[in-house]
Amino acid sequence: DVPCHFVSALIAGFCTTVLSSPVDVVKTRFVNSPPGQYASVPNCAMTMVTKEGPSAFFKGFVPSFLRLGSWNVIMFVCFEQLKRELMKSRQTMDCAT
């Protein structure tokens, strides 16, 4: 039902954010840095860890979660409701024939 799909979509959005946030933060910092600030992407990640600690990988977590979480909720709830209605219509058509 809808509450189950809603909670599942929020959990999926949270997991996606946790897994993708560190990579996204490093990529963004590397791309937006002035030339020569970082020698490579791993150098950028190591510099972040040594200067700011592991929490630096999760800067911007809340906005990212709000974006991914809301998108997942809309997509999964709509998908499951459409799938449910299509399955009902197929059963109705099968019974009619």
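The values are calculated or read from the model by the stated rules, or taken from the named source; none is laboratory data. Keep in mind it's a predicted model, so treat the numbers as computed, not measured. Note: ideal-geometry Cβ built from the backbone for every residue, glycine included; neighbour counts use all protein chains shown. Only protein heavy atoms, including side chains, enter the accessible area calculation; ligands, DNA and RNA are left aside. Shrake-Rupley method; radii C 1.70, N 1.55, O 1.52, S 1.80 Å.
Values as computed for the structure displayed
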{"quantity": "Residues of the stretch 42-83 that turn out to be over 18 Å from Cys4 (Cβ atoms) and either open to solvent by less than 90 Å² (accessible area, probe 1.4 Å) or touching a residue at least 12 places away in the same chain (Cβ under 8 Å) (or both), as a count", "calculated": "21"}
{"quantity": "Odd one out for Gln37, checked against (1) over 22 Å from His5 (Cα atoms); (2) within 17 Å of the chain's Cα centre (by Cα)", "calculated": "(2)"}
